[in-house]
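K.L.:
Below is a structure I'd like to ask you about.
The values are calculated or read from the model by the stated rules, or taken from the named source; none is laboratory data. Computed from a predicted model, the values in this text were never measured in an experiment. Note: ideal-geometry Cβ built from the backbone for every residue, glycine included; neighbour counts use all protein chains shown. Just the protein is used for accessible areas: all its heavy atoms, side chains included, with ligands, DNA and RNA removed. Shrake-Rupley method; radii C 1.70, N 1.55, O 1.52, S 1.80 Å.
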Amino acid sequence: MAPKNRIIIDTDPGVDDVLALLLALSASPEELEVVMISVTYGNVPLQSCLRNVVALFHVLEKEMTWRQSTGKPTYGALNAYIPIVAVGAQHALEDEELVADHFHGADGLHGVHDKHPHLSPTDAWRSLFEDVPSESTSSAEPPSYSRFFTPSKTPAHKEMLRILKEEPENTVSIVAIGPLTNVALAASDDPETFLRVKELVVMGGAVGVEGNVSPCAEFNCLADAVAAARVYALTSPVPSSTMPPMIHGKSFLSPYPDKLSRQLKLTLFPLDITTPHELRRCAFNDRIQPLKEAGSPLAQWTDTFMNGTFDKIDSMLGEGHNEGLSLHDPLCIWYMLTRDDPAWKTVPKPEDIRIETCGQWTMGMHVIDRRARAKPAEKDSTVRTHPADPMDAVTVDEVPGDTMGWLSVRKGNRINRMLESPGRDIFADVLLKKVFA
């Protein structure tokens, strides 16, 4: 039976990224196929993110062996499909690299590689992704855990485009849970092929709440605001209306063509919805400690960086706080597993959400027009997924003084912002049961 959903995960592991990957790989083959894991910089530098992905498969190999020996269920999707793992951007399109190692630890997983060297892969994994000079080529067999994935030496955004071109249109979605640099590179290289994607699910931004790395910006968006702005622009009938301005008259990437065959369907999971979906220390430890004592490699591995994260939260918030770890990235995977559930609710009509790319204090801010102003040419702004000519409203669409096009029905973005899930109080338990069955 074919999977209900096929996805590319663009990720920067990262604690909650690893939880998202575990949730995806623990799905049943009927629920989900992970076609590709696209690695980007973000929470830590690129090579550390890649190492964490490889280490995940290394641990899962040991975990599946342990589960088989103890009669416990193994991961369905992990055994049924072999995702491509490809390496992407090392830094933002036009800005310096921004990392969050102050929260995730220097290696992205609170020192797990040093604390449990037996659960960390040797450096042999590097040859899977790098061209090795002929004189140093070894006849050694590839590491056994590499049977769970196909390493690629092609840049991640090129692999994205290849998959979207080869697979039928509207059959593969992208779940972007890191900075959007890889996604922006793919969209720039070949916009029409990129728009064959079924849906782009983005964890990013803060719309009606405060940011988590500045008063108004969320980490993924701030890490590459230009990339986010370029990707969001593809949801507009007129992408040029929300493209980021060129710095010093230059841009690293070319503008999009004036005419595109369709608009991008982008579903946004901002901090507004992800932050309240929490996993608390007591719930995690109640689930993990019996498995750890029974010899589970996955329980031992995750125990280190999860409790390291809870310790970090305690140090940031002080005694007496009542907050857990927000499951930002895993929530996007839960959506892909249960997207047909009517309890998922987006805004009634796609919103014109734009990205600030130049502000000294507001870089990465998600800007929305909260003024109660009429739009003279108001009409349905449902995302168009078939060729159409939006010029029919042009004669009444221009509003004097509206130089930024906020009152235009043709200009501006069309973002499907997620408002509600099947249950913020049940998700942590769903995650724990899936991952640590």
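K.L.:
Kindly provide the set of residues from segment 193-212 that are β-branched (Val, Ile, Thr) and touching a residue at least 60 places away in the same chain (Cβ under 8 Å), ordered by number.
P.N.:
Val197, Val201, Val202, Val207, Val209
K.L.:
Could you list all residues from segment 294-349 that are modelled with pLDDT under 95, of a type in the set (S, T, N, Q) and not in a helix (DSSP H, G or I)?
P.N.:
Of everything in segment 294-349, just one residue is modelled with pLDDT under 95, of a type in the set (S, T, N, Q) and not in a helix (DSSP H, G or I), namely Asn322.
K.L.:
Can you tell me which residue in segment 363-411 is modelled with the highest pLDDT, limited to those that are in contact with a helix residue (DSSP H, G or I) (Cβ under 6 Å, 6 or more places away or on another chain) and under 14 Å from Ser236 (Cβ atoms)?
P.N.:
Lys411
K.L.:
Just to be sure before I move on: is Gly205 touching a His at 6+ places or on another chain (Cβ under 8 Å), modelled with pLDDT of 95 or more and of a type in the set (Gly, Ala, Ser) in the structure I sent?
P.N.:
So Gly205 fits the description; yes.
K.L.:
What number of residues in segment 59-86 are more than 15 Å from Leu23 (Cα to Cα), part of a helix (DSSP H, G or I) and open to solvent by 70 Å² or more (accessible area, probe 1.4 Å)?
P.N.:
4
K.L.:
Something else now. Do you know which of the residues in segment 179-203 that are touching an Asp or Glu at 6+ places or on another chain (Cβ under 6 Å) and not aliphatic (A, V, I, L, M) is surrounded by the fewest Cβ atoms within 10 Å (Cβ to Cβ)?
P.N.:
Arg196
K.L.:
Residue check: is Val207 under 15 Å from Leu268 (Cβ atoms) and open to solvent by less than 10 Å² (accessible area, probe 1.4 Å)?
P.N.:
Judged against the criteria, Val207 is not a match.
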